[in-house]
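These notes concern the structure reproduced below.
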Amino acid sequence: MAKVLMFHRVLPEKQITYPNAYSTFGTLISQEFFENVLSCLSDNGFQFVTVSELTRRTSTDKLVALTFDDGYLDNYEFALPSLLKFNGTATFFPVVNPCKDNTALPLDIYYQCIDEMNLSETERTEYITGTTKRNFYWAEPENQMKMLNSLFKTLPQKNKVSYMSAEQLKELSDKGFEIGSHGMTHSLLIADYMNKVKALNELQKSKQWLEAITGKPVTAYCFPAGRYNAEMIELAKQVGYTSTCLVVHNKNEKEVLPSYDRIFVKPNSLDELKTTLGIE
């Protein structure tokens with residue numbers, strides 16, 4: 001059975017500063033570790049494919065699809081050279097608004113504020129994985145911006161992270177990498193604030209913008225945080241997606257589209273990944 005791996009940010013070890021909320025949460029790995037993963041997969045006979053290629057394969061043994069969520073610039077600067085070095089391909093799922101507007105997501109500002117505060121480990125944990133984070137993450141993006149002002153005394157004047165530009169996304173596409181969609185704003189499609197109109201905006205407008213940029217059909221959609229339900233997959237199908245990426249399938253549901261569980265590859269977790277992939 002094919003495996004789908006989930007990545008977010010990639011930086012050379014020497015460029016990773018600590019404390020680092022992305023590292024703590026697991027969404028930032030070193031380029032050196034990423035290349036160890038690629039080497040391990042290659043040495044053990046895995047074939048790299050895109051998510052959309054998986055839907056066309058009848059035999060899926062030893063296939064692995066690498067996915068990158070959000071569209072961070074470091075994907076272009078560091079993941080791309082490593083992928084080319086190992087003749088690997090991948091599917092990139094950018095969030096459109098920060099790529100289009102050269103901005104950052106509220107979550108990026110949230111993480112930056114945490115890293116700039118003098119916090120105890122208990123306090124950091126609450127901010128990164130506790131109730132405070134959960135309440136923030138499940139709020140509508142406009143409300144997240146308001147919450148930032150109430151949670152933190154001051155906000156950064158300059159964002160530390162950047163996102164890929166339209167030109168860089170097109171270059172990835174031209175090099176044969178797949179560009180899928182991760183929505184316009186990283187809104188969670190099953191959150192309380194979500195409705196059909198807002199969901200269609202996330203699914204449809206992101207698809208249209210990315211297709212205009214790449215000149216190719218965008219057929220894979222990745223649910224932010226992997227949060228979904230059958231209604232949202234049906235809506236994705238109606239919009240024209242032919243596959244979706246999740247984190248874990250909901251139990252006992254009928255498959256509307258090919259939808260893939262993903263393995264979250266966290267920092268320095270090669271032994272754990274080998275066990276999951278059945279590599280001795």
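The values are calculated or read from the model by the stated rules, or taken from the named source; none is laboratory data. Keep in mind that this is a model prediction, so the values were computed, not measured. For neighbour counting, all protein chains shown are included, and Cβ atoms are generated from backbone atoms with ideal geometry for every residue, glycine included.
Against the condition of a type in the set (Ser, Thr, Tyr), within 18 Å of Phe93 (Cβ to Cβ) and touching an Asp or Glu at 6+ places or on another chain (Cβ under 9 Å), how does Ser173 come out, does it pass? It is false that Ser173 is of a type in the set (Ser, Thr, Tyr), within 18 Å of Phe93 (Cβ to Cβ) and touching an Asp or Glu at 6+ places or on another chain (Cβ under 9 Å). For segment 251-276, which positions are part of a loop (DSSP other than H, G, I, E, B), closer than 27 Å to Ile29 by Cβ and either aromatic (Phe, Trp, Tyr) or free of Cβ contacts under 8 Å to residues at least 24 places away in the same chain (or both)? Result: Ser269, single match. Just to be sure, is Ala225 free of Cβ contacts under 8 Å to residues at least 12 places away in the same chain, under 21 Å from Phe68 (Cα atoms) and either small (Gly, Ala, Ser) or in contact with a helix residue (DSSP H, G or I) (Cβ under 8 Å, 6 or more places away or on another chain) (or both)? No, not satisfied. Could you list all residues from segment 1-27 that are of a type outside the set (Gly, Ala, Ser), farther than 19 Å from Thr91 by Cβ and buried (at least 19 other Cβ atoms within 10 Å of the Cβ)? Within segment 1-27, Leu11, Tyr22, Thr24 meet the criteria.
State all residues of segment 187-212 that are touching a residue at least 40 places away in the same chain (Cβ under 8 Å) and closer than 14 Å to Phe92 by Cα; if no residue qualifies, say none.
Ser206, Leu210
What do you reckon, is Leu188 hydrophobic (A, V, I, L, M, F, W, C) and either out of contact with any Phe, Trp or Tyr (no Cβ under 9 Å at 6 or more places or on another chain) or not assigned by TED's automatic domain parsing to the domain that holds Asn75 (or both)? Walk me through it before giving the result.
On the way: hydrophobic (A, V, I, L, M, F, W, C): yes; either out of contact with any Phe, Trp or Tyr (no Cβ under 9 Å at 6 or more places or on another chain) or not assigned by TED's automatic domain parsing to the domain that holds Asn75 (or both): no.
In short, no.
Residues of segment 224-250 that are assigned to a helix (DSSP H, G or I) and either more than 17 Å from the chain's Cα centre (by Cα) or buried (at least 19 other Cβ atoms within 10 Å of the Cβ) (or both): Pro224, Ala230, Glu231, Met232, Ile233, Glu234, Leu235, Ala236, Lys237, Gln238, Val239. Hey, does segment 110-117 have a residue that's among the acidic types (Asp, Glu), surrounded by 15 or more Cβ atoms within 10 Å (Cβ to Cβ) and within 18 Å of the chain's Cα centre (by Cα)? No: segment 110-117 contains no residue that is among the acidic types (Asp, Glu), surrounded by 15 or more Cβ atoms within 10 Å (Cβ to Cβ) and within 18 Å of the chain's Cα centre (by Cα). The residue that is nearest to Val4 (Cα to Cα), among those in segment 46-75 that are surrounded by fewer than 20 Cβ atoms within 10 Å (Cβ to Cβ) and under 17 Å from the mean Cα position of the chain (by Cα), is Ser52.
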